Structures are given as C-alpha cells and as structure tokens.
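To keep things clear, I will list the structure first and then write my remarks on it.
The values are calculated or read from the model by the stated rules, or taken from the named source; none is laboratory data. No experiment lies behind these values; they were computed from the predicted model shown. Don't worry about glycine lacking a Cβ; one is built from the backbone with ideal geometry, like all the others, and counts go over all protein chains shown. Heads up: the accessible areas ignore ligands, DNA and RNA and are worked out on the full protein's heavy atoms, side chains in. Shrake-Rupley method; radii C 1.70, N 1.55, O 1.52, S 1.80 Å.
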Amino acid sequence: MEKLLAARLHAVKVRPYLAVALFALHVVEDRSVPTMAVDAHWRCYVSPAFVARMPVEELAGVWVHEVSHLLRDHHGRGERYARENEEYGPGERLRRNIAADFEINDDIYGDGLPHPLGAVLPSLLGLDNGLLMEEYLRTSSMSGLAADLAWLDCGSGADGQARPWELGPDGANGLTRQQRDAVRFRVAEGIKGRPGEAPEGWRRWADEAFHPPQPWRQLLGAAIRSAAGAPGVGENHTYRRPSRRSAAVPGVVLPSLRRTPPRVCVVIDTSGSVSDAELGSALLEVAAIARAVGGRRDLVSVISCDAAAGLAAPLCRAEDIELIGGGGTDLRSGFTRALRSHPRPDVIVALTDGQTPWPSEAPPCRTVVGLFPRPARGVNEHDPDYVPDTPPSWARVVVIN
Amino acid sequence: MTSHALLPANPQLALADDLLKLLRTTSTEPRPDDQLEALTLAVAADLPVLLWGEPGIGKTAALTQLADSLGLPLTTVIASVHEPTDFSGLPIVGDDPAVQGVPMAPPQWAVELVRAGRGLLFLDELSTATPAVQAALLRVVLERRVGALQLPPGVRIVAAANPRASAADGWELSPPLANRFVHLYWVHDREVVVRGLGGVWPRAELPRLEPARLAEAVAFARRAVCGFLHARPTLIHRLPSTETRRGGAWPSPRSWETALTLLAFGTAADVSREVLALLVRGAVGDGPGLELLAHLDRMDLPDPESLLADPPAAELPERGDLRQAALEAVVAAVGARPERERWEAGWAVLVRAMETGAPDLLVAPAKALAGLRRDEWEVPAAVERLAKVVGIADRAERSVERVEAGLGAGR
C-alpha cells in the first residue's frame, strides 16, 4: 500500500495538473483484480501482487493511465459506442479497452514517467497517434492484438462493462455523476489556466471536455437558417395581407404567414490556402441549406474571391461553379461586390480560412462565416508583424473541419 | 339527432374499448429520479423550465405525470402551430378605436387557465416556433401575460424543445428567451421505460420544504452565490459566444437570480447535490454552474479554526482531493496567525488525518506546515508519528530521481 501511494505522489509530482483527479480516486485492494483497474465511480481496484512486482516509477505511470480513462470518460463513451454499434461481448470489450488505451498511451509517457515495456500503442498496428478511441475502433479490427492482450483489463472505467469485483453504484466511496463532472471540470480548468504545463493531447481534452465539438454541418445549417429567418427575411408573419383565418373571426385583425425566400450570397475564398476538396464540400452544403430554408436556386449566388472579387454567378447547378483564383486573399472586395449586387442579398455566407483582412464595419445584412481552421502560423516572411485578423464579432462563425 | 346513436354498438369495438382501458390502467410508484425531482423543484419554485429532449422520449408523459401528482390541470399549447397574436393577444377593432383603444383579446386556453386560477401551462415544440412566435412568448414566460390577461400566480410554466440535431427544420432559441428558462436535458432511463411499459411509472412528489429551514436556506443561497460572484465577477454576465453554446443556458444577473432561488429551494427541501447540480447548470450553463458547485464543495469543507481548536475530534472529508484541500486550509490558517499553540495543533490535525486516511495526501500540507516553524519552536513529539508520511515522500522522490537519471543516461 505504501508503495502504491508513493507511486501516486510520483505521479502528482510529474503531472501536477492531474493531482485533483489522482487524489479523488478511492483505492480498493482486491486479489481478484488482474492488475489495476478503475470503475465508473472513481474507485481504483488494485491487486497487491501486481503492486509488489512493479517498480514505483512504473506504478506511477499506471496511476496516470487509469485516471486518464476516467477523465476522458471512456466508460460513458465506450457504452455509447457499444450501444450504437450493437457490439457487446468479451471480445468487443477488449477491443474497446485497447482502443481507449491507444488514445491515452500515445502521449502520457516520458517526461518523468518511464515507458513501460508492454505499453499498448497505436504503432503496434501501424496506426497514427493522436486519434480518439472511436476512431481507432472504426478504423481497425485489432484482431491481431486481441490474442496477445487478453489479460488487459482496466475495469469498467475503460469500457463501461461491469466486473465481478466492482462495488457498483451503491457501494461505498463512489463519486456521483455530478461529483465526477466537478473533478473533471477542475482538472480541465487547471490545464486551461496553465496551458504551458500540459502536453497537446491534454490541452485538447480540456478544451473539449465539457463542450464536445458538434458536426459543422448542423451548426452551419442552424446559423444560415437563423440568419435567413431573421425578422424581415424568410418565413415570418406579416400584416400586409389578411390572414386566411380572418374570415372566421370577424372584427379581429390577424397577420398571415408569409414566405419571402431569402437571397443568399456565398463569398468563397479561393486563395491558394484553401483546398478544393474543402471548398467543394462546404459549397454543396451551403447550397443544400439554402434550398432547405426556401431559397430558390436562382436566389443563391456565388462570388469567388482572392485578392479581387469575381462576378456574382447565380448558382444554377452546384457542379457548374467555376472557382477562379489562387493568390492571396482580400475578402473585403468580395463583401463589397456582394453588397453592390442587385437585389441586395439577405444573407452573406463567407467560406474562408480566415487568413484575410475583414471589412471594418458590419455589412447591412446577416453574415455567417464558415471558417476552415488553420494552425496559427508563425512568421510571415514578408511582414513579421502580420497577424491575420480573427473573424469580426458581427459575424456568426462556424468552424468547418 | 343523427341516426348513428340508434345503431347497436359494434361488439368488436366495445371489446377493443375494454382492451384499451386495460392497457391504460397504470399505477405509479415513488422512485428516486433526479431529473424528475429537479423538474418538480423548479416548478415548485415557480421558475419557467425548458425540457430538451429527442422526440418521443417521454417529455409529455412526464409532464402529465407531474400535473397529476401536483393536482394541477394541464394545458398544452403547441407553440409551433400558433401565431404571435395567440400569445400577445388578438387585436379587436371596436366601435371607436380612438376613444376605447384596441383591446388585445386573449385566446380561449388563456381565459380558461385564468378562470381555473391554477394550472400547468405546457408550451410544446418551442424550438420549431418561428422567431416572431418566440418573441411573443417572451412576454408569456417572463411577465406571465397573455394579451390583456395576467396569468394568476398559481400557474406554472414548462416548455419543451427538440435539440438542434434532431429538429431538422428548427429555429434556434434566441439568447433572451433561453436566458429566462431553467434548461433540463431529458434523457430516458432504461429502467423507468421498461417498468413504465410494464404498468408502473415513477411518481413525482412535491419537494417537502422544511418550515424551520427556510431562513437558513435563503441565507445559505445568498452567501454561496454572492461569495462566488465576488470572486469571479467576469461570470456575472457572459453572452454565449461560440456556435455550440447558442440556445442553451448562459450566465446573466437574471439567471444568477434563478440559480439563487433554486439553491434556496433545494436547500430548504434538502435535495441531493445531484439534483442541485442539474438545476444550477440548467440555469447559468455548464461552466459557471460547475464552478459554483465547486465553490459549494469548498464551503462544505470543515472550518479550519474549529479543526485547530479540537484536533483529536477533527472530522475530515472522506474524498482525497477534498481532504487535502481541508488540510491545506488548516495550514493556511496557521500561516495567517502563526502562534506556537496553533502550529502544534496543526501537527495534531495532520496526525489525525494520517490515522483516518491515505498518508500520501499529507505530504504537501506537512511540508508547508514545517516551513512555518520559528527557530524557538520545538518539534512536537506527535510529528514522529508522521514518519510513515516522510517515508512515502522519500520513496516517491527517489523514484522521480531514478527516472530522471535514466533519461539522462540516454534511455
């Protein structure tokens, strides 16, 4: 027991941002556990024999590994994956455990924690580092590994399936859902507060722990719908015509529901930094959404724009649009061109990687920016002080990735 | 009169009626259900609740159960099939509008609700209502007015919406409307569904407010929220900035007041922290809500001065991270007013902690306490009993050094 706790101190010392989570774990000694395992209620089951044969520094690595399963919510995600794909059974459990280990192990060792010999790494199957558990599960069968790693068992905390030795939700010293959320939240806030200390993988986790990224298609759709449906545009109520209900209630003035198809203008950044595949998928999406909000095809126009804006072409068939450009970007000319067209658009959708100057003031219509994320660029060779502006606050920004 | 009434009843149809009656005979049982408890508490606190949930998940069924067990008549209004005037009142032109004005006539459901004096108003399909209808609903939800009618205090308001992902043609909730609601995310519990289909649904019970605790609950809620916002003033008002957070709860003075009310009700009814967390996060959003809960956790820690006053009887939290926080508070209290007796009492608290829990938690507080020593103070005899802690700390230290040496050697 002392050895195990010394290992926890070691882990706290080299990973101070995980201290809260490590100390929140409740240790349960149990001889029937193969090695060390966690359950969904933040209890850590430990086999005394396993502790006896491991050196302290390797045990520290095991602590960090097990707590990572819990912080990354592998039990909830594992259960969801099993339910969605209807994959149950011991083989599947092992597969989920291996995939979860892949997600964890690629960046927790080193820097004070020795690499254990038998560590399960994505490179064993020739897979890339840095993917999520679900991605590993989808891309690989892992059948080659399963036979060698049948002993691997990180408990229900890793895959969501109960084990015989576990105390269950009603047992002593478990953490409730809200308490677990609170611990995870404190760790995430700690990492975000001192981002220098934690490696990339943990920082990404901290950013997404409580706001998992949503599919951009839905976000873009919601943004365009809400822009196109704002008062004055799209489907709304009007007193310009009597309501069809009016005849039934004499003496009452009723509004009628009127549909004014919104005019959508898509400004496309065709500078060299945006790939054709990215543009193609985003453009098709915009066209589909514009149709869904009631826009007729002739009301959707497209302007391709690099340093200078092209002509506004009506979107007759999405496949026909010719995207011209390839140099540097100045979206301002695209906006000017869009606003000068007659009749003026109700919504401007700009698809860009954001490496551009923006108009200095809000255009007189709703603006949605579909942003292709780019890693922060270090130095521009011509102008070391050049920093591309972030999209302005008057635009609704949807990150497309 | 039509001739249908004279036709003999079809025996098959009568049998079908019997079968339906049997199917619809269900009973209820009290069952601990956090989300139902949270809903009931928010309804009791007279705060508008918004249930988010996939279609067909049983939101309406839960509302029917709630209305039944509260003894309130349920009025369901599907927001998306109404027009703004159904909520703001239908303008009726009279004989002389210039003199009498144009009255805004309320719809029938509102009149009936006012006549009953109490009831549960359920606004369904909120997110698929047009922006103009949502704007008209603002007034119903906030001011409780439908046209010229004022809804009586006995009327409670609950709304339901489908999340954006499943409402393909939905509008999103505007931030002002979203800010007025307590957002509860409705998920189905496998067991509740299975047992319910078997004929037994869970029963919502009104939270039992303790008459003796009312004043104390208000004081606690005020202390918690004010103390927290004093420390984190940036969280008082924060409009949702990213796309993913739109349409949900966000912090503003109004929603903090909601959180305060919920905290007071929750305390007076002595509900679990789980339920409280659902409500607080639903009022001010996940991030600020979780931070407030962490603040509550810290408020729950034992007072360091009382621990120092009687170390052998010290009751420390079971959970490791909280226990360490309590011990650090003790050391900080000693550091704030360093006196020999207090310093020795600090060691006694640490000894007590070692006897009742994991020793590795003590390393950091013990180090800090040792650092507070003045030259003329002798090390108390009790410290020897912490030898185990020192042993563990040394062992961890050596192991860290081994790893560093191993890396230095080019491993």
**Message:** Quick check: the distance between the Cα centres of region A:157-184 and region A:52-66, to the nearest angstrom?
**Reply:** 21 Å
**Prompt:** Suppose R0 equals 41 Å; then what is the FRET efficiency for residue B:187 and residue B:92 from their Cβ-Cβ distance, rounded to the nearest 0.05?
**Reply:** 0.40
**Accessible surface, per residue, of region B:49-134 when the full set of protein chains is kept, probe 1.4 Å, Å²** = 42 Å²
**Prompt:** What size of dipole, in debye to the nearest 20, comes out for chain B about its Cα centre when the only charges are +1 on Lys and Arg C-beta atoms and -1 on Asp and Glu C-beta atoms?
**Reply:** 300 debye
**Request:** With unit charges on the beta carbon (Lys/Arg positive, Asp/Glu negative), name the residue among B:275, B:119, B:134 whose Cα is farthest towards the positive pole of the charge dipole of chain B.
**Result:** B:134
**Complete:** Averaging 1/r across every pair of distinct alpha carbons in region B:48-143 and inverting yields a Kirkwood hydrodynamic radius, in angstrom, of 15.0 Å
**Message:** Leaving out ligands, DNA and RNA, and with a 1.4 Å probe, what % of the accessible surface on region B:304-410 is carbon or sulfur?
**Reply:** 53 percent
**Message:** Need one word for region B:150-302: rounded, prolate or oblate. Basis is the Cα gyration tensor (sqrt eigenvalues a ≥ b ≥ c); a/c below 1.5 gives rounded, then a/b vs b/c decides.
**Reply:** oblate
**Message:** Which positions within region B:89-130 get 20 Å² or more of their accessible surface covered by the other protein chains, compared to the chain by itself, with a 1.4 angstrom probe?
**Reply:** B:90, B:91, B:92, B:93, B:130
**Prompt:** Which of the residue pairs A:3/A:192; A:3/B:367; A:13/B:367 have a Cα-Cα distance greater than 25 Å in the structure shown?
**Reply:** A:3/A:192
**Prompt:** In debye to the nearest 20, how big a dipole does region A:85-129 give about its Cα centre with +1 on each Lys and Arg Cβ and -1 on each Asp and Glu Cβ?
**Reply:** 200 debye
**Complete:** In region B:272-291, the residues losing 30 Å² or more of accessible area (1.4 Å probe, heavy atoms of protein chains only) relative to their chain alone are B:274, B:281, B:286, B:290, B:291
**Asked** On a 0 to 90 degree scale, rounded to 10, what angle separates helix B:253-269 from the longest Cα axis of chain B?
**Response** 80 degrees
**Check: region A:10-156 dipole with +1 on Lys, Arg Cβ and -1 on Asp, Glu Cβ, in debye** = 280 debye
**Complete:** For chain B, whose charge dipole is built from +1 on Lys and Arg Cβ atoms and -1 on Asp and Glu Cβ atoms, the candidate among B:368, B:147, B:353 with its Cα farthest towards the positive end is B:147
**Asked** If each Cα of chain B is one equal point scatterer, what is log10 of I(q)/I(0) from the Debye formula at q = 0.08, 0.11 Å⁻¹?
**Response** -0.64, -0.95
**Request:** Calculate what fraction, in whole %, of the accessible area of region A:27-178 sits on carbon and sulfur atoms when a 1.4 Å probe is rolled over the protein chains.
**Result:** 52 percent
**Request:** Would you mind getting the accessible area per residue of region A:1-164, heavy atoms of the protein chains only, 1.4 Å probe, in Å²?
**Result:** 37 Å²
**Request:** Could you do me a favour and compute the accessible area per residue for region B:304-410, 1.4 Å probe, result in Å²?
**Result:** 50 Å²
**Prompt:** Taking amide hydrogens as modeled 1.01 Å from N in the peptide plane, which residues meet the under 5 Å criterion relative to residue B:54, leaving out close sequence neighbours?
**Reply:** none
**Fill in**
For chain B, longest principal axis from Cα atoms; helix B:59-70 axis from its Cα atoms; angle between them, nearest 10 degrees, is 90 degrees
**Prompt:** Name the residues of region B:372-397 whose accessible area falls by at least 10 Å² when all protein chains are present instead of the chain alone, probe 1.4 Å?
**Reply:** B:388, B:392, B:395, B:396, B:397
**Item:** Cα Rg over Rh - region A:1-164, Kirkwood
**Value:** 0.94
**Request:** Could you state how much accessible area is buried at the B-A interface, both sides summed, with a 1.4 Å probe, in Å² to the nearest 100?
**Result:** 4800 Å²
**Asked** On a 0 to 90 degree scale, rounded to 10, what angle separates helix B:131-143 from the longest Cα axis of chain B?
**Response** 70 degrees
**Request:** Provide the net charge surrounding residue B:264, with neighbours chosen by a C-beta distance below 14 Å and charges set as Lys +1, Arg +1, Asp -1, Glu -1.
**Result:** -2
**Fill in**
Cα gyration tensor of region B:304-410 diagonalised, 5x eigenvalues square-rooted, in angstrom largest first, produces semi-axes 27, 16, 12
**Prompt:** Within chain B, what's the longest stretch lacking GluC sites (Glu not before Pro) that sit in DSSP loops with no more than 16 other Cβ atoms inside 10 Å?
**Reply:** B:1-204
**Alpha carbon centroid spacing (whole Å) that separates region B:309-354 from region B:14-68** = 49 Å
